[in-house]
Each structure stands twice: as structure tokens, then as C-alpha cells.
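Everything on this sheet refers to the single structure shown next.
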Amino acid sequence: MRVVVGLSGGVDSSVAAYLLQKQGHEVIGLFMRNWHDESVIIDNACPWIDDANDAVLVAEHLGIPFQVLDLSDAYRERIVNYMFDEYAAGRTPNPDILCNREIKFDLFLDAAKSIGAEAVATGHYCQKDTVNTPKGETHRLIAGADPNKDQSYFLCQLNQAQLEQALFPIGHMLKPDVRALAEEIGLPTAQKKDSQGLCFIGKVRLPEFLQQQLEVKPGDIIEIEESHPMFAERQVLIADSPKMDAHAYAFSPDQGQVVGRHQGAHFFTVGQRKGLQVGGKAEPLFVLAKDVVTNHLYVGQSAEHPGLNRKALFMQEDEVHWIREDLAMEVGSRQSSWSFRFRYRQPLQQGTIIRSEEGYYIEFELPQAGIAAGQFAAWYDGDECIGSGVISD
């Protein structure tokens, strides 16, 4: 089978290409160039040119054809502009999830098929299998065997058509074993450090990156005391209706005191600790909420602040996606046997997902800190990712 591997210049995709070649597939390496502007990259941490050169070296070492595919225009349109729009609206996007849905398993897949490929492969730490269901053949997205590297969360927006043509050759392996195999076969990327930061961009100075399109708007940082009576009042409401906690607090300036200034509420995210530049507090300050309309940033002391923790979240119906379409919920139903996460590497949390007429609620057994609008919540049945949705507020 002809397989196109997304050679990123890292050790994971390099080993993925080797394993496919060893299995007898016709392997072609394709490097995606998706970013040109290095002005916001920290210390030249992930320049695309170095990655491309490493990908070339890997292809030469394995003796496979190699091409460079420039998708930078589409990446800016579909991913970067999406980021700007989300931050401007006061939400916190996850570009890596969108990059997989819109770039790696869409445009990249189309490019692979245009040169006769039957499948695309990546170095993701996840697995796939296929089962028969009452609705026919269904592809399942399974967590990677390495619990420290599982990347199924980043693929939670893939659909059945994308999964059908996707291969994850290293998903059954542990990271140390991947590096050991790379050393054994002499891959030039065997000891290369893992990339960090935004998908295909690298580790960036996020404020400077966002300031490419979002203006600086100085405003007040307002501290909300954890003893404020609104928190106790809300707990009383939640006792009657847990769904009350699925929506963020609606803070107002008169509920706290000004403790500093910021350069734009849209540059921050709920749960953020660094970058506030407010000293003299007994405990660290965390962002509780932001209002991009009034340009107020609300903060509270300590990770245990009641304004930081919630027991539920809400997702609009049209922003929920089912990998397992055969398991999609009906209005009025609830599911308590699945588990949930809304951040990469977050341990799976226990709770209940409820589908109502207005959308979907997830109620957690334990309070969750830092739930931010725009993030993706994903749900799992054991180690299988079933679906995901965008957190509404």
C-alpha cells in the first residue's frame, strides 16, 4: 500500500516511517511547511527550516521519496485567523486540535491522495481499530499505549472518513522504546528534543503573536475575594440545579478591588497564573474570568479560590462532534459511564454528560479548575475517545 507519512523532522514521525517501510508499504515522506513568520518564535526554538532539513536526512537514511508541501496560506486562514478571532471574542482556542482536523487530516490527506496514496500516517501516540456495529463498519480512536504521551485528545475532532485513511504506527509503543529503536537503526533524529508550542509554529511569545492582529487595550485587574457572598449563594443554587454551575461567573467591577493593570483582557485565559505582574499578595493570583467587552480581568488568590473551580460545563449542540456517530445521544438522555478531559495530559475525570434541548452539559464528580470557553472537552469510554465539543462559557 502506498502511504504518505507526515515527516515533521522529529523522532516520532521518523520511526513511524521506518515501521511502515518494514511492513512492506511504499512509503513517501511529506513535510508540511505551514509557517513563515519567525519574529514571534522564542530563541529560534522550532524553526521550520531545521525541521525540514532533519526530515530530508530521515528520508535519505530510509531511502524513501521526499517532498515539501507548502500549506502556509491555508494554515493562516484556517488556524491562525481562528485563533485571533477566538481570543478577540474572549475565548481560549486549542489550535492543535483544529490543526489535526483542518490541516493534517484534511488538506494534507487530499495532497496525499493526489499522488496515489491510500493512507496517511503520523507520529501521534494514539491507536485505531475497526469494529462492526449495527450501523456498519466503524473506526475507533484509541488512546496511545504510553499514558505519558497519549495524544488522542488532540485528535478528538476527527471524523470516520478521516480515521478510515489514518495510520498511527507508533501508537502501541512507549516513548523510550521509540527513541531506542531510532538509535538502533541510526536515525538522525534519535536524540532530537520534542517540539513545544503551537502546532507547526513552535514555542512563541503568545502576547506578541496575538498582537499581530489584536490591539493593546490597557485595563484594570480586579481581585475578587474568596469570601465574597456570591460564591456561597451560588452553591445554594447548585444544590437545586447542578446545571447552574455550567456557566461562568458574571463578575462586575464593584465586587472587588483594582490591584493592577493589564494590556488587554483578550490576551489572558481562565486559570492563567503567569504574566499578571501583580505582587505583594499572600498567595499567587489566578485569572478567574475576563470580560473583553468592558476589558476587565478578574483574579483571585490561590488555586483553591471558589471562583476558579466549577463542577459543570456547557456545550452548544452545533459545537459537539461525535467520532462514534453510532453512540450519539438523544435529547433527554444521560451517560454516566464515560470519563472526560478538557486539557491535554489531564487525567480522565469522572462525571455525567447530559443532552438537553439547549445543548450538552457535563457534570463532574469533583470540581474542575480553569474551565475556559473555547477549549475542547472530550469524552472517553475506557481508552476510546467517543466525541468532543467546544466549551461554551
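Which distance in nm do the two modelled labels at Gln346 and Asn295 give, with both placed 7 Å along the Cα-to-Cβ direction?
Distance between the two pseudo-spin positions: 3.1 nm.
I'd like the Karplus ³J(HN,Hα) series for the stretch 306-316: coefficients 6.51, -1.76, 1.60, θ = phi - 60°, whole numbers in Hz, and an x wherever there's a Gly or Pro.
Coupling constants for the stretch 306-316: x, x, 8, 9, 9, 10, 7, 9, 10, 10, 5 Hz.
What accessible area per residue comes out for the chain, rounded to a whole number of Å², with a 1.4 Å probe?
Solvent-accessible surface per residue comes out at 44 Å².
Considering the dipole of the stretch 88-202 built from charges on the beta carbon (Lys and Arg +1, Asp and Glu -1) around the Cα centre, which of Asn132, Gln157, Asn94 is farthest to its positive end?
Checked the options; the winner is Asn94.
Mean projection of the alpha-carbon convex hull of the stretch 319-373 over all orientations, in nm²?
4.5
Jot down the per residue volume, in cubic angstrom and as a whole number, of the convex hull over the alpha-carbon atoms of the stretch 77-130.
Dividing the Cα hull volume of the stretch 77-130 by its residues yields 99 Å³.
Taking each pair of distinct Cα atoms in the stretch 256-344 once, what is the resulting Kirkwood hydrodynamic radius in Å?
Computed over the stretch 256-344, the radius equals 16.2 Å.
Relative to the longest principal axis of the chain, what angle (0 to 90°, nearest 10) does the C-alpha long axis of helix 175-184 take?
Relative to the chain, helix 175-184 is tipped by roughly 30 degrees.
Could you check the simple spin-label distance between Ile185 and Gln257, using points 7 Å along Cα→Cβ, in nm with one decimal?
It is 6.4 nm.
Order the peptides 334-346, 96-108 from the highest to the lowest mean number of other Cβ atoms within 10 Å of their residues.
Going by the mean number of other Cβ atoms within 10 Å, highest first, we get 96-108, 334-346.
If I model a spin label at Val68 and Ser356 as a point 7 Å from the Cα along the Cα→Cβ vector, what separation in nanometres do I get?
5.3
For Met329 and Asp85, calculate 0.36 nm times their separation in residues minus their Cα-Cα distance, and state this gained length in nm to one decimal.
Here the segment from Met329 to Asp85 would lengthen by 84.8 nm.
Of Asp220, Asp318, Asp12, which is the most mobile in a GNM of the chain whose springs link Cα atoms less than 10 angstrom apart?
Asp318
With springs only between Cα atoms under 10 Å apart, run a GNM on the chain and tell me which of Phe268, Phe209, Phe168 wobbles the most.
Phe209
Tilt of helix 48-62 relative to the longest C-alpha principal axis of the chain, in degrees (0 to 90, nearest 10)?
Taking Cα atoms only, the helix is inclined about 30 degrees.
Most fluctuating residue of Gly300, Gly264, Gly116 in a GNM of the chain with Cα springs under 10 Å: which is it?
Gly116
Enter the angle in degrees (range 0 to 90, nearest 10) between the Cα long axis of helix 11-22 and the first principal axis of the Cα atoms of the chain, meaning the one along which they spread out most.
Roughly 40 degrees between the two axes.
With the cut-off at 1.5 for a/c, could you classify the stretch 97-163 from its C-alpha gyration tensor as rounded, prolate or oblate?
Note, shape of the stretch 97-163 comes out oblate.
Between their Cα atoms, which of Lys149/Lys193; Lys128/Lys175; Lys192/Lys274; Lys281/Lys311; Lys22/Lys113; Lys149/Lys192 are more than 20 Å away from each other?
Where the Cα-Cα span goes over 20 Å, the pairs concerned are Lys192/Lys274; Lys281/Lys311; Lys22/Lys113.
Roughly how many Å² of Val58 are accessible to a 1.4 Å probe, to the nearest 10?
Counting only protein heavy atoms, Val58 exposes about 0 Å² to solvent.
Would you please classify the overall shape of the stretch 284-393 from the alpha carbon gyration tensor, given that a ≥ b ≥ c denote the square roots of the eigenvalues, rounded means a/c under 1.5, and beyond that prolate means a/b larger than b/c while oblate covers the rest?
Verdict is prolate for the stretch 284-393.
In deg cm²/dmol, rounded to 500, what helix-only [θ] at 222 nm does the chain give when every DSSP H run of at least 4 residues adds -39500 (n - 2.57) and the total is split over its residues?
When only DSSP H runs of four or more count, the value is -6000 deg cm²/dmol.
Tally up the carbon and sulfur contribution to the accessible surface of the stretch 82-141 as a whole percent, 1.4 Å probe, everything protein left in place.
The nonpolar share, carbon plus sulfur, comes to 42 percent.
Would you kindly work out the equivalent ellipsoid of the chain from its C-alpha gyration tensor and give its semi-axes, the square roots of five times the eigenvalues, largest first in whole Å?
That gives 39, 26, 17 Å for the three semi-axes.
In whole percent, what relative contact order does the chain give with Cα contacts below 8 Å and a gap of six or more residues?
With pairs under 8 Å counted, the relative contact order is 17 percent.
The values are calculated or read from the model by the stated rules, or taken from the named source; none is laboratory data. Bear in mind that the values here come from a model prediction, so they are computed numbers and not experimental data. Backbone-built Cβ (ideal geometry, glycine too); neighbour counts: all protein chains shown. Side chains included, ligands, DNA and RNA excluded: accessible areas come from the protein's heavy atoms. Shrake-Rupley method; radii C 1.70, N 1.55, O 1.52, S 1.80 Å.
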